[in-house]
Structure formats: C-alpha cells, structure tokens
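First the structure, in the form of structure tokens, and then the observations on it.
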Amino acid sequence: MKVMIVVTHLLGTGHLSRALTLGRAFLRAGHETFVVTGGMPAPQLDSSGMTLLGLPPLRSDGTDFTRLLTQSGDVADPAYLEAREAALVEAVQSFAPDVLINELFPFGRRSLASEFTAALEAAHALPRRPVVLGSIRDILAPPSKPSKAERAEEIVCRFYDGILVHSDPGIVSLEVSWPVSDRLRERLFYTGFVAPEAPAPHPDAVGKDEILVSAGGGSVGRPIFHAAIEAARKMPNRRWRLLVGGQDAPARIEQLQKLVGDAPVSLEPVRPDFRQMLPLAAASVSMCGYNTALDILQSGTPAVFVPFDDGKEVEQGLRGQSLSDLPAIEVLPSKKLDGTALAQAVAAVMSEGPRPVSTKGFDGADRSVEIACSLRGRA
C-alpha cells in the first residue's frame with residue numbers, strides 16, 4: 001500500500017515528529033511511505049526509510065499563524081505560496097497514494113487552506129481515490145468562533161473518510177477543546193497516543209542525575225532557559241543541562257552562555273538521544289507539547305511543565321491541567337516563571353521521586369495503520 005503523509009510545522013517540530021512516528025509505523029507494516037513536509041528543515045528527526053519531499057519552507061511569525069515567513073525571514077508572497085501548492089498537487093498526482101493523511105487541517109492551518117484544499121481535490125480526482133484521513137493530536141486550539149468549527153466540519157464531510165484522533169477518550173476527548181457534533185463524531189477514530197517505543201536508559205549514562213531543560217527552537221523557549229540559569233544558581237549541587245533547538249541554536253547558545261557565569265549549567269544543541277537521557281535524569285523542565293508530555297509519561301521522570309501560552313495558545317495549558325494530578329509533575333504557569341519559582345518546583349518533583357512508568361495506550365501509530373488498512377479494504 002502506498003501511503004502519503006502531508007505535514008507543515010510552523011512553530012516547533014511537534015507536528016512533524018508525530019507525522020514521522022506515523023510514517024515509521026507504516027514502514028514497519030511493509031507500506032511504501034512518502035512524507036511531504038512544508039515547515040523548516042529538521043534534520044535531527046528520524047525519517048529513515050521514507051521518501052521525504054520538502055516544499056518551499058514556511059514558519060509562522062512567532063504565534064501569528066496568519067503571517068507566514070520564508071526560511072530567510074521574508075513574508076511569503078503569493079508566488080511563493082503558489083509554488084508550494086503546485087509542488088504539493090504534483091506530488092499527489094505523481095505518487096497516487098492509496099492512503100492520504102494530512103496533519104491538523106482543517107482544524108488548523110487555515111492560512112494554508114488553499115494548498116491543502118488543492119491537494120484534497122487532486123486526490124479525489126485520481127483514477128482510484130485514496131482513503132483520506134486527517135491526523136490530529138489530543139487537544140486542539142479551540143475555534144475562536146462557531147463559524148470556524150462549522151467550516152472545518154464541512155471540509156471533513158466533503159473530503160475525509162475519517163479523522164485520526166491521537167488520544168484516549170477516557171483521558172482526553174476531543175470535546176475538551178473542540179465542539180463535536182454528531183456528524184463529526186461518526187468520522188472520529190481514536191487511536192491512542194502516538195509515541196515511539198518507550199526510551200531505554202542511555203547506554204553511556206548521559207544525563208544521569210542532571211536536570212534536563214528543553215524548550216524547543218526560536219524565541220519561545222527563551223524565558224524558560226533564562227529562568228533555568230537563575231534556578232541553577234539556587235541549586236549549586238545539581239548540574240543543569242540546557243538543550244537549545246532551532247536553526248539559530250549556536251547563536252542562542254552563545255547569548256545564553258554570557259548569562260551562565262558560575263552557575264552549574266551546560267549548554268548544547270538538542271540531541272537525537274534526548275529521550276534516552278530522560279530515564280536517568282533527576283528531573284525535566286520543558287513546555288507541555290504533545291510529544292514532550294508523552295516522553296515524560298513513558299520515562300517516569302519527575303517533570304516541571306511550563307505550558308506555552310503566548311498569544312491565544314491554550315492547548316498546552318489544557319494538557320498540563322490534565323496531567324497535573326499525577327505524582328512528580330508540577331505545572332508552572334509562564335506568568336509565574338522565574339528562577340525562584342522554577343527551583344522550588346524542581347525540588348518538589350524531585351522529592352516525590354520517579355513516577356511509575358506509563359505503559360498502556362501509546363500504540364496510536366500502529367493503531368492508525370490498522371484503521372487506514374481497514375478503511376482501504378472497504379474502499
């Protein structure tokens with residue numbers, strides 16, 4: 001079976017990471033997998049075995065997802081967007097997938113509706129129409145007005161055979177963040193959470209007894225890194241390792257290094273073995289994105305979450321609320337973030353010790369493959 005996954009990550013790499021986890025599951029099941037990505041390059045993520053096509057890349061201007069920038073930081077003009085759309089349509093037509101999966105749209109990425117719609121129309125025009133599925137995380141950005149939810153539902157009913165909801169409805173149902181009508185509900189397929197296999201401890205014990213701080217790429221993680229350096233000064237007997245992401249990581253590390261002084265802090269770019277470091281770490285400090293939250297649940301590492309809430313973002317805050325009752329997890333709102341509060345939160349989760357590792361409900365990628373195959377069999 002030929003499977004095509006389309007994803008554009010505009011802020012951070014969480015959407016792309018989840019799409020690639022889905023892709024690896026299809027590969028394991030013996031299916032040819034083609035991933036089209038429209039965000040900034042993320043070579044640290046594992047795409048081995050898949051065919052990967054990069055559209056002319058885009059990123060958002062911070063949390064303004066209506067203002068799209070090119071790799072050089074220029075505003076994407078109509079010609080740039082038309083080139084992306086043409087390349088995406090050509091990819092659909094030439095690959096002619098049996099299953100087409102796109103990430104987030106139409107529940108988000110409305111600024112890219114033209115290219116997604118063109119790809120969906122191209123898929124429906126193929127001699128043998130593929131099974132078309134949407135792929136969404138547990139919690140979405142709630143629609144700002146009813147018309148946006150209604151428009152998304154119209155698109156789902158027109159183009160999609162189903163929506164893969166990567167959650168357990170007993171833990172987080174889509175209704176937490178999105179209005180679900182009866183018409184939409186009948187198209188939802190809950191898969192469980194999409195995560196790689198649980199991380200094994202690092203064979204070289206990298207990260208052992210350290211406090212690992214990860215906060216994504218770009219400027220969004222700056223307050224967490226700054227607070228971590230100050231917190232480290234208040235905990236001089238514990239090593240803090242700050243992992244800085246983004247294409248500008250070297251420049252940001254250089255800037256942060258000027259603040260370190262004698263604090264017990266080391267700085268380095270994000271690492272592909274980060275997940276293996278978590279089980280040995282004394283604690284983790286991070287935002288509360290989908291993939292990060294699952295890493296913490298699978299590793300049992302004591303964790304402080306600082307949910308990203310710039311602009312109108314509420315997704316991570318809602319996820320943090322759903323996890324806050326678990327042992328050895330603290331949620332620190334960004335408005336309360338400073339060195340003192342972070343040091344106190346880290347000390348609190350460390351005192352509670354490692355949390356029992358969660359082992360069930362993380363097979364969402366394999367379950368997604370089963371659902372896609374089942375729907376293809378009916379086609």
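What to note about this one:
- For region 122-147, filtering for residues that are in contact with a helix residue (DSSP H, G or I) (Cβ under 8 Å, 6 or more places away or on another chain) and under 24 Å from Leu375 (Cα atoms) leaves 14.
- Restricting attention to region 186-235 and to residues that are aromatic (Phe, Trp, Tyr) and under 30 Å from Arg158 (Cα atoms), the residue that is surrounded by the most Cβ atoms within 10 Å (Cβ to Cβ) turns out to be Phe193.
- Among the residues of region 233-255, those that are under 19 Å from Ala282 (Cα atoms) and in contact (Cβ under 8 Å) with a residue 40 or more places away in the chain comprise Arg233, Lys234, Met235, Arg238.
- Candidates Phe305, Phe274, filtered to the one that is aromatic (Phe, Trp, Tyr) and in contact with a Lys or Arg (Cβ under 9 Å, 6 or more places away or on another chain): Phe305
- Inside region 336-379, residues that are free of Cβ contacts under 8 Å to residues at least 24 places away in the same chain and part of a helix (DSSP H, G or I) make up a count of 8.
- When Gln298 is tested against (1) surrounded by fewer than 22 Cβ atoms within 10 Å (Cβ to Cβ); (2) out of contact with any Phe, Trp or Tyr (no Cβ under 8 Å at 6 or more places or on another chain); (3) in contact (Cβ under 8 Å) with a residue 60 or more places away in the chain; (4) not hydroxyl-bearing (Ser, Thr, Tyr), only condition (2) is not met.
- Within region 44-101, strands (runs of 3 or more DSSP E) holding 1 or more residues that are surrounded by 15 or more Cβ atoms within 10 Å (Cβ to Cβ) and touching a Lys or Arg at 6+ places or on another chain (Cβ under 9 Å): 59-61, 64-69
- Looking only at region 223-252, residues that are at pLDDT 90 or above and either among the basic types (Lys, Arg) or part of a loop (DSSP other than H, G, I, E, B) (or both) come to 9 in all.
- Test: residue in region 100-111 that is in the same structural domain as Ser167 (by TED's automatic domain parsing), modelled with pLDDT of 95 or more, under 24 Å from the mean Cα position of the chain (by Cα) and at positive phi: yes
- Filter result for the condition that a residue is in contact with a helix residue (DSSP H, G or I) (Cβ under 7 Å, 6 or more places away or on another chain) and closer than 30 Å to Gly39 by Cα, over Gly289, Gly221: Gly289
- Single residue of region 170-215 satisfying the filter (free of Cβ contacts under 8 Å to residues at least 60 places away in the same chain and not in a loop (DSSP other than H, G, I, E, B)) that is farthest from Ser147 (Cα to Cα): Tyr190
- For region 18-32, the set of residues classified as under 16 Å from Gly134 (Cα atoms) and in contact (Cβ under 8 Å) with a residue 60 or more places away in the chain consists of Arg18, Ala19, Thr21, Leu22, Phe26, listed by residue number.
- Among the residues making up region 215-271, a single one is of a type in the set (Phe, Trp, Tyr) and touching a Lys or Arg at 6+ places or on another chain (Cβ under 9 Å): Phe225.
- Residue satisfying condition, being at pLDDT below 95, crowded, with 21+ Cβ neighbours inside 10 Å and in the same structural domain as Glu370 (by TED's automatic domain parsing), within set Asp168, Asp138: Asp138
- In region 301-317, residue surrounded by the fewest Cβ atoms within 10 Å (Cβ to Cβ) [restricted to those that are at pLDDT 90 or above and of a type outside the set (Phe, Trp, Tyr)]: Gly317
- A single member of Arg67, Arg24 is over 23 Å from Glu121 (Cα atoms), modelled with pLDDT of 95 or more and within 23 Å of the chain's Cα centre (by Cα), and it is Arg24.
- Residues satisfying the criterion are present in region 263-278 (criterion: among the aliphatic types (A, V, I, L, M) and at pLDDT below 95).
- Across region 92-148, the qualifying residues are those that are of a type in the set (Val, Ile, Thr) and free of Cβ contacts under 8 Å to residues at least 60 places away in the same chain, and the one among them that is farthest from Gly30 (Cα to Cα) is Thr117.
- Complete set of residues in region 136-169 that are over 19 Å from Gly361 (Cα atoms) and assigned to a loop (DSSP other than H, G, I, E, B): Leu140, Ala141, Pro142, Pro143, Ser144, Lys145, Tyr160, Asp161
The values are calculated or read from the model by the stated rules, or taken from the named source; none is laboratory data. Nothing here was measured: the structure is a model prediction, and the numbers come from that model. As a convention, Cβ positions derive from the backbone with ideal geometry for all residues, glycine included, and neighbour counts pool all protein chains shown.
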